[in-house]
Structures are given as C-alpha cells and as structure tokens.
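Participant: Right, I'll just put the structure down here and ask away after.
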Amino acid sequence: MTVLEFRPRFRFESPLRPEEVTRRIQQRVKENNPHELWLKDAQQHLTLSFPSRDTEAWSPQMDINFEELADGKTLIRCLIGPSPGIWMLFAGGYLVLTLFGLTGITLGFSQWSLGASPWGFWALPVALIGSSVLIIVARTGHQRAHDEMRVLKSFVDEALGCDCFKLAEA
C-alpha cells in the first residue's frame, strides 16, 4: 500500500478470533504506544484516534469492525478517515452551497423570464467558488493527514502481527 487514498477502506481475514484481535490491539495501546493513540472499544468495533491535545482538524481516526466467520476466521474491516464532526462539516458545506447555487439558478431564470434584471444568477459563481474552496481545503487536509494515516496503519499491522493491509490488496 504505497498510496493512501481519501477515506481508504480495507477488508481482510485473520486467523485470530475477535476477542484475540481486541486483546492484541488493547495490549499494544497499553504497552507499546509511542504516539499515545486512544482506543474506544464497543462490542466488535474499535476506534483508534490520536489524543485530542495532538489533533488538528485533519487528524484521521481508524474504525475497525470485525465479525467471526463460519470457518473460525475473523473478517476485519478498517476505515481511515476524518472524525465524524469534520466529515459532517464538509458534507453540510457542500449541501448548503449546492442549495444556494440551485436557488440562484431558479431565481435567475425566473427573473430573466419576467424581463427583470437576473441578479439571482450571481449565486452560481459564489457557490462554485465556495465549493472549490471546500475541495482545496479537503485535499490539503488529506495531504497533511497522510503521515498520521500511516501511523494508524502500522499500529494495527504490528498489533496483529501481519501486514494486514497488504492482505486486503491481494
């Protein structure tokens, strides 16, 4: 895995049982955790994140879900991405700008068809510029989070004793 894309997802099977996966990751957090990662544990769902004092808006977290398969193996799914609050901020921003642009187009065409000055069309460039700014900010945040994404990936690899994400690519 040389390139970590936006919100990369991985899925692989492990011979370890779900309890063992949880135990190994918890043990690594307690005993060998140079980046002082935090672990939130819900039943068959783990979230690895950086401590709040060290995080920026672009700091990623890793969600790990696992389920036991019929053959005794464990299916592990991982997602590395921004915190839910940041994700919703961008989704809300795109939604607001899209609605603003659509309202501007509708208003502008209505004004134009009535023979009035179509000033409503001015909302479209504002929405496009705003969307472009959001895209640039998101890409910049992704680039700045790249090293932290690698830390999360390496942490899980070492905790489970394999290059698990390479298994996901196969």
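Just so you know, all these numbers are worked out from the coordinates, no wet-lab data involved. Predicted, not measured: the structure shown is a model, and the values here were computed from it. FYI the Cβ positions are ideal-geometry reconstructions off the backbone, even for glycines, and counts take in every protein chain you see.
Participant: Would you please put 148-155, 124-131 in order of how densely packed they are, using the mean number of other Cβ atoms within 10 angstrom per residue and starting with the highest?
Facilitator: Details: 148-155: 18.4, 124-131: 14.6.
Highest to lowest by the protection proxy: 148-155, 124-131.
Participant: Something else about it: Which is farthest toward the positive dipole end of the chain among T103, G81, A57, measuring Cα position about the Cα centre, with Cβ charges +1 (Lys, Arg) and -1 (Asp, Glu)?
Facilitator: T103
Participant: With only Lys, Arg, Asp and Glu charged, each at its Cβ (+1 for the first two, -1 for the last two), find how big the charge dipole of the chain is about the Cα centre; round to the nearest 20 debye. Please list the in-between numbers first.
Facilitator: Values: 17 positive and 19 negative charges, 67 e Å.
Dipole magnitude for the chain comes out near 320 debye.
Participant: Right, next: Among [x] 21.9, 73; [y] 18.8, 57; [z] 15.3, 46, find the value of Rg and Dmax of the Cα atoms in Å that was calculated from the structure presented, and write down its label.
Facilitator: The value matching this structure is [x].
Participant: Between region 105-162 and region 6-28, what's the alpha-carbon centroid distance in Å?
Facilitator: Comparing the Cα centres of region 105-162 and region 6-28, I get a distance of 32 Å.
Participant: Another question, if that's okay. Please report the net charge: other residues with Cβ closer than 13 Å to the Cβ of R24, K and R +1, D and E -1.
Facilitator: It works out to a net charge of -2.
Participant: If you don't mind, another one. Among C162, C78, rank each residue by its count of other Cβ atoms within 10 Å, from fewest to most, as a rough exposure measure. Don't skip to the answer; put the middle values down first.
Facilitator: Working: C162 15, C78 22.
Listed from fewest to most nearby Cβ atoms, that is C162, C78.
Participant: Can you run the Rg to Rh ratio on region 87-134? Use alpha carbon positions and the Kirkwood inverse-distance Rh.
Facilitator: On the way: Rg = 12.2 Å, Rh = 11.0 Å.
That ratio equals 1.11.
Participant: Starting at the first residue of region 37-42, write each ³J(HN,Hα) from the Karplus equation 6.51 cos²θ - 1.76 cosθ + 1.60 with θ = phi - 60°, in whole Hz, x for Gly and Pro.
Facilitator: Using θ = phi - 60°, the values come out as 5, 9, 10, 10, 10, 10 Hz.
Participant: What is the set of long-range amide H partners of R17 at a cut-off below 5 Å, with H atoms built 1.01 Å from backbone N?
Facilitator: The answer is none.
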